[in-house]
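The values are calculated or read from the model by the stated rules, or taken from the named source; none is laboratory data. These numbers come from a predicted model, not from an experiment. Neighbour counts run over all protein chains shown; Cβ positions are idealised from the backbone, glycine included.
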Amino acid sequence: MAAKLRKGDKVVVLAGKDKGKQGEITSVDPKAGKAVVDGVNIAIRHTRQSQNSQGGRIPQAMPIQLSNLALLDKNGKATRVGFREEDGKKVRFAKTTGENV
């Protein structure tokens, strides 16, 4: 199945403790149905000091379910993603504006 959300997309969180926050997708795990978004779902990781890292309490973005994310269109509103074929290629488009993503 084609990916509706991809790395680099600007998204908004629809549900959970970070509802309403916006960010950019840094990585996607399609098998697990999760994505990591900058500044969203932050957890504190306690790491031990090592030769190449300081250690301590380090904030880290944790994965969030893809179903809790929505793509932002050019107007900055949440939109659903559709697919259509243009010039023999499958392209994504925003359902609200109809423009290609």
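Scanning the range 69-80 for residues that are out of contact with any Asp or Glu (no Cβ under 9 Å at 6 or more places or on another chain) and under 28 Å from A32 (Cβ atoms) turns up A70, K77, A78, R80. Answer yes or no as to whether K19 is at pLDDT below 95 and of a type in the set (D, E, K, R). Against the criterion (at pLDDT below 95 and of a type in the set (D, E, K, R)), K19 does not qualify.
Note on the chain: enclosed strands (runs of 3 or more DSSP E) holding 3 or more residues that are touching a residue at least 24 places away in the same chain (Cβ under 8 Å), surrounded by 11 or more Cβ atoms within 10 Å (Cβ to Cβ) and not aliphatic (A, V, I, L, M) are 22-29.
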